[in-house]
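First, the structure itself, so that you have it in front of you.
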Amino acid sequence: MKAAFLVTCLLASAGASAAGLSVSDAWQAAMRHDPQFESAQAQWEAGKTHTAQGRALWLPSIAAQGSAGRADQQSETSGAAFSAPGFGSTNGVDFRTSVNNGTSRQWAFVAEQPLYDPGRMADFTAQKNASAVADAQFQQAQQDLLLRTARAYFAVLTARGQLVALRQLHAAAEQARAAAQGRYESGDIPATDMREAQARADAIGVQELDAQTAVTLSEAAFADLTGLDPVALKDLPDSEPTDLPAPDNLDVWTQRALAGSPLLAMQRLAVSTASAQVDRFGLLGAPKLSLVAKYGRESLQGNGDFGAADITGRQASIALQASIPLFTGGMRSAQRHEAKALEHKAGADLEAADQSVRQQARAAWFGLTTAAARVKALQRLHGSTQDRLGATRLGVEIGDRTALELLNAQADYLLSGTDFQKAQSEWLLADLQLAAVAGALTEADLVRIDRHLVERSQESK
């Protein structure tokens with residue numbers, strides 16, 4: 001079974017590599033590979049058991065008791081009335097029994113059904129809330145992994161785009177340096193122009209080295225997260241995304257965030273748990289009432305002062321058992337004061353979480369709208385730099401522009417292209433971030449982003 005699963009995973013990975021690795025493919029791999037998410041899953045599995053633990057608090061408990069050992073017993077009864085067939089009856093009879101270092105045995109079954117116990121009710125609420133908190137924490141872990149996967153994916157694309165642009169620019173700078181060297185040797189330009197071309201080529205070479213390091217680190221981070229080779233990642237297109245829906249207004253997204261935020265859900269549960277603890281130590285929380293049934297037997301056998309003795313008893317009972325603390329040395333009042341303070345703290349924390357979620361929703365909404373505007377502006381800038389490059393290249397041909405001016409125009413065109421692609425990544429990530437703030441980020445959002453990606457070109461490989 002395990003081997004079949006591994007074969008299926010390998011075939012799926014091979015198919016994804018052949019068609020290009022999408023963001024949703026990376027997310028599926030990250031769920032299987034990321035130790036942080038594996039820890040969150042284990043924590044969730046542990047948290048789900050609190051539901052059963054809470055339910056068990058109100059179910060009957062049954063215990064078996066038993067003991068065996070050595071014991072002494074001395075008993076005296078005086079003034080008893082005695083009667084037996086053939087012996088008549090008499091009063092003032094004394095009975096004496098004793099066992100010295102005898103064998104003691106005892107066993108019993110005890111069943112208890114709680115009927116009224118505010119302490120158990122507080123514990124039940126805490127257990128139920130702990131299970132709900134585990135669900136909210138796991139939801140938050142899923143949202144976090146979705147975002148981390150997308151960020152790692154686009155970090156690779158951004159770093160690669162920067163490296164490709166710098167490689168092309170470095171090649172152009174080397175050509176400009178060689179041309180400047182030839183013109184300097186022929187006496188057409190002064191040494192300062194030649195040195196400037198050489199310095200520019202060297203500076204771009206350093207930037208290319210830094211870009212190569214950034215690619216290596218981003219690819220390593222992606223591989224660590226997903227366990228996949230990033231060589232087959234898709235790429236961003238030269239056009240802006242067109243299928244992303246425009247976000248609703250800020251008030252709508254704020255209300256969605258307040259309703260769906262895992263952080264707020266956990267804090268509301270914390271308030272509920274704290275309130276239950278206050279009830280535990282109130283006046284109505286002191287009495288406890290249970291139904292208790294017991295069946296057992298005990299015996300003591302051995303020799304005593306009056307010869308061999310065998311004392312045996314059997315017990316079977318069912319009763320209502322009540323417990324009311326009368327004096328605890330101020331413990332309950334101190335515990336209630338502590339519970340009230342913790343309830344107040346939980347309420348303040350809920351208000352702080354509410355403010356935090358509102359701020360996050362506001363920041364994510366403005367981040368998305370600003371990112372969309374940046375994409376459009378940078379697309380226009382990239383087109384303008386392309387027009388400028390064409391005009392500068394024509395100027396060089398007719399002698400109105402220098403090779404260094406052409407290199408500057410090429411740099412502006414190539415780097416504006418990488419800025420445009422980076423802005424696309426930021427737009428796509430901002431869309432995911434806004435959904436995550438509302439607790440609504442799912443794999444479907446990654447699939448929608450995948451439709452915008454294209455197969456990686458040979459030039460960028």
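The values are calculated or read from the model by the stated rules, or taken from the named source; none is laboratory data. Being a predicted model, the structure only gives us computed values, none of them experimental. Cβ sites come from the backbone with ideal geometry, for glycine too, and all protein chains shown count toward neighbours.
Keeping to segment 247-276, report how many residues are polar (S, T, N, Q) and touching a Leu at 6+ places or on another chain (Cβ under 7 Å).
Counting residues in segment 247-276 that are polar (S, T, N, Q) and touching a Leu at 6+ places or on another chain (Cβ under 7 Å) gives 1.
Is it fair to say Arg358 is charged (D, E, K, R), in contact with a Pro (Cβ under 8 Å, 6 or more places away or on another chain) and not in a strand (DSSP E or B)? Lay out the reasoning, then the answer.
Details: charged (D, E, K, R): yes; in contact with a Pro (Cβ under 8 Å, 6 or more places away or on another chain): no; not in a strand (DSSP E or B): yes.
Judged against the criteria, Arg358 is not a match.
Here is a yes/no grid of residues against (1) part of a helix (DSSP H, G or I); (2) within 28 Å of the chain's Cα centre (by Cα); (3) modelled with pLDDT of 90 or more:
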{"position": "Leu163", "(1), (2), (3)": "yes, no, yes"}
{"position": "Arg167", "(1), (2), (3)": "yes, no, yes"}
{"position": "Ala172", "(1), (2), (3)": "yes, no, no"}
{"position": "Gln175", "(1), (2), (3)": "yes, no, no"}
{"position": "Gly187", "(1), (2), (3)": "no, no, no"}
{"position": "Val206", "(1), (2), (3)": "yes, no, yes"}
{"position": "Thr213", "(1), (2), (3)": "yes, no, yes"}
{"position": "Glu219", "(1), (2), (3)": "yes, yes, yes"}
{"position": "Asp243", "(1), (2), (3)": "no, no, no"}
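I would also like to ask the following. So, in segment 99-129, of the ones that are touching a strand residue (DSSP E or B) at 6+ places or on another chain (Cβ under 9 Å) and small (Gly, Ala, Ser), which residue ends up farthest from Tyr295 (Cα to Cα)?
It comes out as Gly119.
Looking at Thr216, is it free of Cβ contacts under 8 Å to residues at least 12 places away in the same chain, out of contact with any Phe, Trp or Tyr (no Cβ under 6 Å at 6 or more places or on another chain) and either among the small types (Gly, Ala, Ser) or in the same structural domain as Gly260 (by TED's automatic domain parsing) (or both)? Can you show your working first?
Values: free of Cβ contacts under 8 Å to residues at least 12 places away in the same chain: yes; out of contact with any Phe, Trp or Tyr (no Cβ under 6 Å at 6 or more places or on another chain): yes; either among the small types (Gly, Ala, Ser) or in the same structural domain as Gly260 (by TED's automatic domain parsing) (or both): yes.
It is true that Thr216 is free of Cβ contacts under 8 Å to residues at least 12 places away in the same chain, out of contact with any Phe, Trp or Tyr (no Cβ under 6 Å at 6 or more places or on another chain) and either among the small types (Gly, Ala, Ser) or in the same structural domain as Gly260 (by TED's automatic domain parsing) (or both).
Residue-wise test of (1) assigned to a helix (DSSP H, G or I); (2) buried (at least 20 other Cβ atoms within 10 Å of the Cβ); (3) within 21 Å of the chain's Cα centre (by Cα).
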| site | (1), (2), (3) |
| --- | --- |
| Ala352 | yes, no, yes |
| Ser384 | yes, no, no |
| Ala423 | yes, yes, no |
| Leu434 | yes, yes, yes |
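Based on this model, can you work out whether Gly439 counts as under 38 Å from the mean Cα position of the chain (by Cα), touching a residue at least 40 places away in the same chain (Cβ under 8 Å) and more than 20 Å from Leu236 (Cβ to Cβ)?
Details: under 38 Å from the mean Cα position of the chain (by Cα): yes; touching a residue at least 40 places away in the same chain (Cβ under 8 Å): yes; more than 20 Å from Leu236 (Cβ to Cβ): yes.
Spelling it out, Gly439 is indeed under 38 Å from the mean Cα position of the chain (by Cα), touching a residue at least 40 places away in the same chain (Cβ under 8 Å) and more than 20 Å from Leu236 (Cβ to Cβ).
Residues of segment 354-376 being without any contact (Cβ under 8 Å) to a residue 12 or more places away in the chain and over 31 Å from the mean Cα position of the chain (by Cα), which ones?
Selection gives Ala373 alone.
Looking at Ala12, Ala68, Ala26, Ala64 in this structure, which one is at pLDDT 90 or above and either aromatic (Phe, Trp, Tyr) or part of a helix (DSSP H, G or I) (or both)?
Values: Ala12 fails: at pLDDT 90 or above; Ala68 fails: either aromatic (Phe, Trp, Tyr) or part of a helix (DSSP H, G or I) (or both); Ala64 fails: either aromatic (Phe, Trp, Tyr) or part of a helix (DSSP H, G or I) (or both).
The match here is Ala26.
Just to be sure I understand, how many residues within segment 307-332 are touching a Pro at 6+ places or on another chain (Cβ under 9 Å) and surrounded by fewer than 10 Cβ atoms within 10 Å (Cβ to Cβ)?
Looking only at that region, the number is 1.
Which members of segment 180-195 meet the condition of being crowded, with 16+ Cβ neighbours inside 10 Å and in contact (Cβ under 8 Å) with a residue 12 or more places away in the chain?
Ala180, Asp193, Met194 - these are the residues of segment 180-195 that are crowded, with 16+ Cβ neighbours inside 10 Å and in contact (Cβ under 8 Å) with a residue 12 or more places away in the chain.
Go through (1) surrounded by 14 or more Cβ atoms within 10 Å (Cβ to Cβ); (2) assigned to a strand (DSSP E or B) for Gly92 and report which single condition fails.
(1)
If you check Arg393 against the conditions, is it surrounded by fewer than 21 Cβ atoms within 10 Å (Cβ to Cβ), over 22 Å from Leu163 (Cα atoms), more than 28 Å from the chain's Cα centre (by Cα) and in the same structural domain as Leu269 (by TED's automatic domain parsing)?
Working: surrounded by fewer than 21 Cβ atoms within 10 Å (Cβ to Cβ): yes; over 22 Å from Leu163 (Cα atoms): yes; more than 28 Å from the chain's Cα centre (by Cα): yes; in the same structural domain as Leu269 (by TED's automatic domain parsing): yes.
In short, yes.
Can you tell me which of Arg401, Arg388 is assigned to a helix (DSSP H, G or I) and surrounded by 13 or more Cβ atoms within 10 Å (Cβ to Cβ)?
Exactly one residue qualifies, and that residue is Arg388.
When Thr149 is evaluated against the numbered criteria (1) polar (S, T, N, Q); (2) in a helix (DSSP H, G or I); (3) modelled with pLDDT under 95, which criterion, by number, is the only one it fails?
The failed condition is (3).
Separate question: If I filter segment 269-306 down to residues being among the small types (Gly, Ala, Ser) and either touching a helix residue (DSSP H, G or I) at 6+ places or on another chain (Cβ under 9 Å) or in a helix (DSSP H, G or I) (or both), which single residue comes out as surrounded by the most Cβ atoms within 10 Å (Cβ to Cβ)? Working first, answer last.
If we filter segment 269-306 for residues that are among the small types (Gly, Ala, Ser), which is where we start, we get 270, 272, 274-276, 282, 285-286, 290, 293, 296, 299, 302, 304.
Imposing the further condition that a residue be either touching a helix residue (DSSP H, G or I) at 6+ places or on another chain (Cβ under 9 Å) or in a helix (DSSP H, G or I) (or both) reduces the set to 270, 272, 274-276, 282, 285-286.
Details: Ala270: 20, Ser272: 16, Ala274: 24, Ser275: 18, Ala276: 21, Gly282: 12, Gly285: 18, Ala286: 16.
Of everything passing the filter in segment 269-306, Ala274 is surrounded by the most Cβ atoms within 10 Å (Cβ to Cβ).
Looking at (1) out of contact with any strand residue (DSSP E or B) (no Cβ under 7 Å at 6 or more places or on another chain); (2) outside any helix (DSSP H, G or I); (3) at pLDDT below 90, can you tell me which one Leu59 breaks?
Tallying (1) out of contact with any strand residue (DSSP E or B) (no Cβ under 7 Å at 6 or more places or on another chain); (2) outside any helix (DSSP H, G or I); (3) at pLDDT below 90, Leu59 fails exactly one: (3).
Could you grab the pairs with beta carbons closer than 8 Å, sequence gap of 6+ or different chains, first residue in segment 88-116 and modelled with pLDDT of 85 or more, second one surrounded by 15 or more Cβ atoms within 10 Å (Cβ to Cβ) and not in a strand (DSSP E or B)?
From residues that are modelled with pLDDT of 85 or more, the pairs are Pro114/Leu57; Pro114/Arg120.
Filter segment 255-268 for residues that are surrounded by fewer than 19 Cβ atoms within 10 Å (Cβ to Cβ) and of a type in the set (S, T, N, Q) and give the result.
Gln255
Exactly one of (1) touching a residue at least 12 places away in the same chain (Cβ under 8 Å); (2) surrounded by 10 or more Cβ atoms within 10 Å (Cβ to Cβ) is unmet by Phe82. Its number?
(1)
Between residues in segment 229-248 that are among the acidic types (Asp, Glu) and residues that are surrounded by 12 or more Cβ atoms within 10 Å (Cβ to Cβ) and modelled with pLDDT of 70 or more, which pairs lie under 6 Å by C-beta distance while being six or more apart or on different chains?
Within 6 Å, the pairs are Asp235/Val454; Glu240/Val375; Glu240/Gln379.
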